[in-house]
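Working notes, beginning with the structure itself.
The values are calculated or read from the model by the stated rules, or taken from the named source; none is laboratory data. It should be emphasised that the depicted structure is a prediction, and the values quoted were computed from it without experimental measurement. Glycine also receives a Cβ, built like all others from the backbone with ideal geometry; neighbour counts cover every protein chain displayed.
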Amino acid sequence: MDNGIAHGVIYLISFIFLILTSQYFKTSFINLMQMKGIFHCSLLLIALLPTCLLAQEPPVAAAYNDQIDQLLQHPAVKQAFALIEAQDSITVADNILLTEIEAPPFKEMVRAEKFADMLRAAGIDSVWIDSEGNVLALRKGTEGKRTVALDAHLDTVFPEGTDVSVQMRGDTIYAPGVGDDTRGLAMLLTIARSMRDIRIRTKDDVLFVGSVGEEGLGDLRGVKHLFSEAGPGIDAWISIDGGSLGRVNTKALGSHRYRVTFHGPGGHSWGAFGLANPHHALGAAIHNFTKAADSFTKSGPRTSYNVGVISGGTSVNSIPFESIMEVDMRSESPASLLKMDTILQQAVQEALEEQNGIRRRGPELTVTLDRIGDRPSGELSSELPLIQRAMAALQPFGESPSLTRGSTNSNIPISLGIPAVTIGRGGDGGNAHSLDEWYLNVEGYKAVQYALLLLVAEAGLGQE
Ligand SMILES: [Zn+2]
């Protein structure tokens, strides 16, 4: 149920309960509200109880709260928490060091090699870079029946040559990519170091991942590779990517992106008049597409569409030889996304036929649709152990979970039904994907502690 509706229902139940209570004590609702004294206060509290119980949505089963409580009492976890807090400045230093190594889309190699070295220095002896460019570091478990991955992405949205030097203004760190997602990489290092120093062994294998291609045209290529046939076999996936402690991303917002290009011979606007015109076809395609897409997206799961880039043509008196648009479509629902795909294909095809039909000379136009982005959507049940643990593990930090939908590396495992969450990098930050991105380390260590707690809860604590 939608959060807003759920809360509405809860408040309605509480209100009815208050009315019934006031009837029972033969007093008015207003009187009951105004009555003083412990007895009547207790009545009010009882009336509000359903709100308190149900407002925490979705519920966390007692077994997972118990597991987290037990872990928090465990000496190893206590020591690791203390160490993570003590190493706060090292986490920040690692964050700065890695931020200043640029990692443009498709060119993450230099940062990847440095990150691999840092993982080795953090005590993991099995570290390698796979054929896609992902950095993988395996920490064997005592049983090794499952593999739990902890991921942050190496790449940034910034092109090669961007000034990535860090500027400090007060305590605030300014640099492109500092929070998204270099902070996540630094958190992985601190977690690996503290597991080594406290000698924490997990039952399951833990795979630390520095992934490539999370942003933009990278199109999740790193994580797609990891969950392909060629991947290492991952049973549970935890990404650290953006956002504050408390946000747990369990739903994937899917998107399809296309570059549509109409091709024709091109020619003089007067001398070659009558040739099929790619721009005219593109205009018709946009018209057909937006008209059909508008009516389709008015109801049903939330779905969006956008023509974001149009290009082509040489001069006002030339019939262009090509006309290009880039289209982005997103939906909460895989079925709606597929339907949008069909709507676009049909709109383009109809525009092509129409333009070719009215041409007076020359060859037909052709069209190519290149898929430049494909991120699947999906949603996991909040009853999955990983998600239950992700919620339960927030309680010691005084945070109530909000289960969100986003477009992150977790899209891939979520779409495959593999348990996955994306959790926050903590602290405070903003202006992600812009040159004045910033991060302020306000109790940032808590997000590191949280990530460790969740990792250990999911992978199980083994005997040292
Ligand atoms: Zn990110």
_Would you confirm, using the coordinates I've provided, whether I324 is crowded, with 17+ Cβ neighbours inside 10 Å, assigned to a strand (DSSP E or B) and touching a strand residue (DSSP E or B) at 6+ places or on another chain (Cβ under 9 Å)?_
yes
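Just to be sure before I move on: is K145 modelled with pLDDT of 95 or more and part of a loop (DSSP other than H, G, I, E, B) in the structure I sent? Full working, then the answer.
Values: modelled with pLDDT of 95 or more: yes; part of a loop (DSSP other than H, G, I, E, B): yes.
Yes.
Quick grid of which residues meet (1) surrounded by 16 or more Cβ atoms within 10 Å (Cβ to Cβ); (2) not in a strand (DSSP E or B):
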residue: A293; (1), (2): yes, yes
residue: N306; (1), (2): no, no
residue: S336; (1), (2): yes, yes
residue: K339; (1), (2): yes, yes
residue: Q345; (1), (2): no, yes
*Pairs, first in the same structural domain as R389 (by TED's automatic domain parsing) and of a type in the set (S, T, Y) in the range 232-243, second part of a loop (DSSP other than H, G, I, E, B) and within 16 Å of the ligand (Cβ to nearest atom), C-beta under 7 Å, six or more apart*: S239/T408; S239/N409; S239/S410
_If a residue must be more than 15 Å from the ligand (Cβ to nearest atom) and assigned to a loop (DSSP other than H, G, I, E, B), how many such residues does the range 164-179 contain?_
5
*Could you tell me whether any residue of the range 426-435 is within 16 Å of the ligand (Cβ to nearest atom) and in a strand (DSSP E or B)?*
yes
*Which one of the conditions (1) surrounded by 24 or more Cβ atoms within 10 Å (Cβ to Cβ); (2) not assigned by TED's automatic domain parsing to the domain that holds N306 does F262 fail to meet, given that it meets all the rest?*
(2)
*Out of all the residues in the range 241-267, which are within 16 Å of the ligand (Cβ to nearest atom) and either closer than 19 Å to A351 by Cα or assigned to a strand (DSSP E or B) (or both)?*
R247, V248, N249, A252, S255
*Run S126 past the list (1) buried (at least 17 other Cβ atoms within 10 Å of the Cβ); (2) more than 16 Å from the ligand (Cβ to nearest atom); (3) more than 23 Å from D88 (Cβ to Cβ) and report the number of the one that doesn't hold.*
(1)
_Given the criteria in contact (Cβ under 8 Å) with a residue 40 or more places away in the chain, crowded, with 19+ Cβ neighbours inside 10 Å, away from the ligand (no atom under 16 Å from the Cβ) and not acidic (D, E), does R139 qualify?_
yes
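Against the definition (over 30 Å from Q463 (Cβ atoms) and modelled with pLDDT of 95 or more), how does K224 come out, yes or no? If you could, list the steps in order and put the result at the bottom.
Working: over 30 Å from Q463 (Cβ atoms): yes; modelled with pLDDT of 95 or more: yes.
So K224 passes the test.
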*Mind counting the residues in the range 124-142 that are part of a strand (DSSP E or B) and within 27 Å of the chain's Cα centre (by Cα)?*
8
*Within the set of pairs 6+ apart or on separate chains, which have a first residue in the range 339-357 that is within 18 Å of D370 (Cα to Cα), a second that is in a helix (DSSP H, G or I) and not hydrophobic (A, V, I, L, M, F, W, C), and C-beta atoms under 7 Å apart?*
A347/N288; E350/N288; A351/N288
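Let's see how each residue does on (1) within 18 Å of the chain's Cα centre (by Cα); (2) within 16 Å of the ligand (Cβ to nearest atom); (3) part of a loop (DSSP other than H, G, I, E, B):
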position: A152; (1), (2), (3): yes, yes, no
position: V157; (1), (2), (3): yes, yes, yes
position: D181; (1), (2), (3): yes, yes, no
position: V206; (1), (2), (3): no, no, no
position: L217; (1), (2), (3): yes, yes, no
position: V223; (1), (2), (3): yes, yes, no
position: P232; (1), (2), (3): no, no, yes
position: S239; (1), (2), (3): yes, yes, no
